[in-house]
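The values are calculated or read from the model by the stated rules, or taken from the named source; none is laboratory data. Since this is a predicted model, take the numbers as computed values, not measurements. Cβ: placed from backbone, ideal geometry, glycine included. Neighbour counts: every protein chain shown. What goes into the accessible areas is simple: the full protein's heavy atoms, side chains included, and nothing from ligands, DNA or RNA. Shrake-Rupley method; radii C 1.70, N 1.55, O 1.52, S 1.80 Å.
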Amino acid sequence: MKKYLLSALILVSGGSAIAQQTSPSDALRYAVTDLNGTARFRGLSGAFGAVGGDLSAININPAGSAIFNYNSATGTLGVFNSKNNSNYFGTTSSDSESIFDINQLGAVFVFKDNGKSDWKKIAIALNYEVTNNFDDSIFSRGTNPSNSISNYFLNIANTGYNGGPIPLDLVETQPGETITDLYGYLATLSNGFAAQQAMLAYYGQAYIIDASDPSNPNSTFVSNVAPGSFYQENNIMTTGYNGKITANIASQYQDKLYLGLNLNAHFTDFRKSSSVYERNSNNPTLGVQEIQFDNELYTYGGGFSFNLGLIAKFSEQFRGGLAYESPTWYRLNDELSQRLIGVSTDGPNTFTDVADPGVVNIYAPYKIQTPGKFTGSLAYIFGKNGLISFDYAIKDYSNTQFRPKRESLFRDLNAVMADELTTASEYRIGAEYKIKQASLRAGYRFEESPYKNESTIGDLTGYTAGLGYNFKGSRLDLAYSFSKRDSEVQFVSSGMTDTAKISSKNNNILLSYTIDF
């Protein structure tokens, strides 16, 4: 009776499940940020740490707002296109996604001291910016020569209960009990996620796996999929964004030093829809012939971080900058729904079994701490003719952590990330040349992989170009940016470690309008 009452509580009230499946990629979604911002900022590949005077530049070095001489406001619109080429066991495929969005909006207010103080001015800024755009689509297909998707369910069923098999009474519905009842009840257990996966695939639901000895309550599990080769597809669609609102204050001391501070509020909204499909003809008269496994993940929440920075003016032409970006402390919530379909044959008969609990797992909130970052910058200003600038940033991704640490799942994940992730450097070079009221811009960016193996996520290379026109009181800027990065994507998280090799290319166009007032 207690089992049914707990199930009803989960279903009626949307109570929190107490175990979920997370991975290093979930943390890196927030630890690895993209290059976004105003068109002028993007046109120089974000090499603004010692330049300042741009609302997006304060995200690199908060002292940059004190470079402004006038009150100013900027808004930026962008067109974002991503294209992913996949290679899975020699079969190539591609998918793409395009969106139009507001990328940045902010203003800075400059208060000058006309007296004899050494503090020449104070600048206060407020800026909104998209730090990551999650709209993306990846499609992979090919023939796996030996591994079935069923290995995911088999591995979890045999190891997911304190290192051993899931007990049979947790994966079998009892008389009068529905799959919805059982799936909801399992969510309340410490090994609940693993038990849910085994239950969906078990004989009596999708028939993907069965007990090797049904009379033994602690029996191991076997697959109902005949060995051989398997045609497989993986379709992943993501939407959403990671945004940041920055409150900034900076000050200029004499004509040689600028100091700044940011307080940042982060917010995220991420949706991932994934569908893995498999078919085989290894034994067309007996066993599972097709599998489709669907997952819908929704993650939302917010966080906090701060920035400190300074810009030193060594001469009228030469500047240097140093900045620190703190870790971002996120508090996140996950919701997950699942469906598993199995198509089986027994002689001339074909059966389609759908395990669809119709339940949304609402997990207990958890925390992610991303690593901090240090940035050093140099810039040379050619009077009113232009500039050239260089930024170097370093971030230790092995410091990424899930919390609370007391949970065994998060302890294990933190140990994995400490072992697999590494310190990564980022290099940004930008140049601007002015011809009367017009400006020509170009930039280059290189970011190292956060992984020691450099293949799970590879290095990033990016190029940018831009134009600007100053109307004497307002400015219109246009920028184009291109970046590429390779990665590897698993179809399922365990049991079958084969990956599709993904080559991702991003093409972005941004238009900014700035007005001084």
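Rg to Rh for segment 219-299: what is it, with Cα atoms only and Rh by Kirkwood?
Numbers: Rg = 26.3 Å, Rh = 18.1 Å.
Using Cα coordinates only, the ratio equals 1.46.
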Quick one: if you stick a label point 7 Å off each Cα along the C-beta vector at Gln437 and Ser474, how many nm between them? 1.2
What residues qualify as long-range amide H neighbours of Gly142, i.e. H under 5 Å apart, gap of 5 or more or another chain, H built at 1.01 Å from N? Gln232
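At 37 °C and a viscosity of 0.692 mPa s, what translational diffusion coefficient does Stokes-Einstein give for segment 477-517, taking Rh as the Kirkwood radius over Cα pairs? Give it in µm²/s as a whole number. Write out the running numbers ahead of the final one.
Details: Rh = 13.6 Å.
The calculation lands on 241 µm²/s.
Tell me which GluC sites (Glu not before Pro) from segment 447-508 have a DSSP coil assignment and no more than 15 other beta carbons within 10 Å of their own. Present the calculation step by step, with values, prior to reporting the outcome.
Details: sites: Glu447, Glu448, Glu454, Glu488; in loops: Glu448, Glu454.
Here the sparse-neighbourhood loop sites are Glu454.
Contour minus end-to-end for Thr173 and Asp118, with contour as 0.36 nm per residue of separation and end-to-end as the Cα-Cα distance?
Values: separation 55, 0.36 × 55 = 19.80 nm, distance 7.71 nm.
Once the chain is fully extended between Thr173 and Asp118, it gains 12.1 nm.
May I ask you to list the trypsin sites (Lys or Arg not before Pro) in segment 80-143 that are in a DSSP loop and have at most 13 other Cβ atoms within 10 Å of their Cβ? Mind dumping the intermediate values first?
Working: sites: Lys83, Lys112, Lys116, Lys120, Lys121, Arg141; in loops: Lys116.
Listed in order of number, the matching sites are Lys116.
When 1/r is averaged over all different Cα pairs and the result inverted, which Kirkwood radius in Å belongs to segment 48-138? Before the final figure, lay out each step's value.
Working: mean 1/r = 0.0624 Å⁻¹.
Final number for the Kirkwood radius of segment 48-138 is 16.0 Å.
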Extend 7 Å from the Cα of Phe318 along its Cα-to-C-beta direction; within segment 361-385, residues with backbone N under 13 Å of that point are 378-381
Let's see if you can work this out: charge +1 on each Lys and Arg Cβ, -1 on each Asp and Glu Cβ, no other charges. What is the dipole magnitude of segment 105-242 about its Cα centre, in debye to the nearest 20? 900
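Please report the relative contact order for segment 295-345, taking Cα pairs under 8 Å with a sequence separation of at least 6, and give it as a percent rounded to a whole number. Numbers along the way, then the final one.
Details: 68 pairs, mean separation 24.5, N = 51.
Reported as a whole number, the value is 48 percent.
Can you give the relative contact order of segment 418-459 as a percent, counting alpha carbon pairs under 8 Å and 6+ residues apart? Each step should come with its number before you reach the end.
Working: 57 pairs, mean separation 16.6, N = 42.
Reported relative contact order: 39 percent.
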Over what distance in Å are the Cα centres of segment 257-328 and segment 212-245 separated? 24
Long-range share for segment 410-484, i.e. C-alpha pairs more than 16 Å apart as a percent of all pairs, stands at 64
Using only C-alpha positions, report the orientation-averaged shadow area of the convex hull of segment 253-411, nm², one decimal. 16.2
Sketch the reach of a paramagnetic label on Ser98 as a point 7 Å from Cα along Cα-to-Cβ, and name the residues of segment 67-85 whose backbone nitrogen lies under 15 Å away. 78-84
Local net charge near Lys313, Cβ-Cβ under 15 Å (Lys/Arg +1, Asp/Glu -1): +1
Within the under-11-Å Cβ sphere about Asn147, not counting Asn147, Lys/Arg +1 and Asp/Glu -1 give a net charge of -2
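Please compute the Kirkwood hydrodynamic radius over the chain, one decimal place, Å, based on all pairs of different Cα atoms.
Details: mean 1/r = 0.0397 Å⁻¹.
Final number for the Kirkwood radius of the chain is 25.2 Å.
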Only helices counted: for the chain, with every DSSP H run of 4 or more residues adding -39500 (n - 2.57) and the sum spread over all residues, [θ] at 222 nm is -4000 deg cm²/dmol
Sorting Gln174, Asn132, Phe89 by the position of each Cα along the dipole of segment 73-221 (Lys, Arg +1; Asp, Glu -1; all at Cβ), the one nearest the positive end of that ordering is Asn132
Which shape class, rounded, prolate or oblate, goes with segment 134-267 when its Cα gyration tensor gives a ≥ b ≥ c as root eigenvalues, a/c under 1.5 marks rounded, and past that a/b bigger than b/c marks prolate? prolate
Under the Debye formula (equal points on every Cα, no solvent term), log10 I(q)/I(0) of segment 340-403 at q = 0.13, 0.18, 0.25, 0.29 Å⁻¹: -0.72, -0.87, -1.06, -1.15
Cut-off under 20 Å on the C-alpha distance; same-chain residues fewer than 8 positions from Lys244 excluded. Which lysines are left, in chain and number order? Lys367, Lys373, Lys395
In angstroms, what radius of gyration and Dmax does segment 320-428 have, counting Cα atoms only? 24.4, 84
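Grab the beta carbon distance between Asn283 and Thr497, set R0 = 25 Å, and tell me the FRET efficiency rounded to 0.05.
Numbers: r = 25 Å, r/R0 = 0.98.
Between Asn283 and Thr497 the formula returns 0.50.
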Could you check the spin-label model distance between Asp294 and Thr180? Points 7 Å from the Cα along Cα→Cβ, value in nm. 1.6
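Roll a 1.4 Å probe over the protein chains and send me the accessible area per residue for segment 222-372 in Å². Write down the numbers at each step before the final one.
Values: 6450 Å² over 151 residues.
Solvent-accessible surface per residue comes out at 43 Å².
Calculated FRET efficiency, Asn507 and Ser273, Cβ-Cβ r, R0 30 Å, to nearest 0.05? Don't skip to the end; give the middle numbers.
Numbers: r = 24 Å, r/R0 = 0.79.
Step by step, r from the Cβ atoms, then E = 0.80.
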Excluding residues fewer than 8 places away in the same chain, name every one of the lysines whose C-alpha is closer than 23 Å to that of Lys112. Lys120, Lys121, Lys256, Lys313, Lys384, Lys472
Loop-resident sites, segment 384-445, for trypsin sites (Lys or Arg not before Pro), counting at most 12 other Cβ within 10 Å (DSSP): Lys384, Lys405, Arg406, Lys436
